Amino acid sequence: MGGDGIAYDALQHFTHPQEDKLIMLRRIALSFALLLGATTTAVAQTATQTVTFSVADVKIVAVSGDPASMTVNAGGSGSTVADSSTTYDVTTNATSAAPAKITAQITTGGDMPTGVTLSTNLADPDGASVGAASAGDVVLSSTAAQDVVTSLSNIEATGNTITYTLSADATAAAVAGATRVVTYTIQ
């Protein structure tokens, strides 16, 4: 600063001390205004997404395995034998307005020999007298699927007993080791 009260900066600009104070005050005021403005004008920001989804129609039936071999006598004593060693599981989200059902049919091996019947009985999966209903003992054939459980809606039930009953009357011829494949279908 010279004797006349005029100062100069590094760029050789001449300024008065009072102008320096004004510039400094303006800078401070501007900085404060920017800080204050930033905090008072901040607006919450949002982002949105549209999620599209579907729930698939579910109809599942599964069995636990094969029953034990069954042997009967033709007619008289010992002409009927039952096996309840297997189970089935069923899951469906069908509604009561459009319920599902399980059918059973012999799909391999043809019909049973003359005088011999094979029946299946699937236990009621909901264990109630309303809702799903077992058809009880149903004689199986290879010509048509038979309803074995009806009125299935919104159910997931596991470990339900399957009972097979093999019967032979006096007209049945002797058969050794014959097999039939029984197919359960939920629809």
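What follows is calculated from the coordinates using simple rules that are stated; it is not laboratory data. Treat the numbers as computed from the prediction; the structure is a model and nothing was measured. All Cβ positions, even for glycine, are placed from backbone atoms using ideal geometry, and neighbour counts span all protein chains on display.
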**Efficiency of FRET between THR52 and ASN93 - r from beta-carbon atoms, R0 25 angstrom, step 0.05** = 0.85
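Going by average Cβ density within 10 Å per residue, which order do the peptides 110-120, 172-182 take, highest to lowest? Can you show the working numbers first?
Working: 110-120: 16.6, 172-182: 11.0.
The densest-packed peptide leads the list: 110-120, 172-182.
Working out 0.36 nm times the residue gap between SER142 and SER77, then minus their Cα-Cα distance, what length gain in nm do you get to one decimal?
Fully extending the segment from SER142 to SER77 adds 20.6 nm.
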**Message:** Given points 7 Å out from each Cα along the Cα-Cβ axis, report the ASP20 to ALA68 separation in nanometres with one decimal.
**Reply:** 11.0
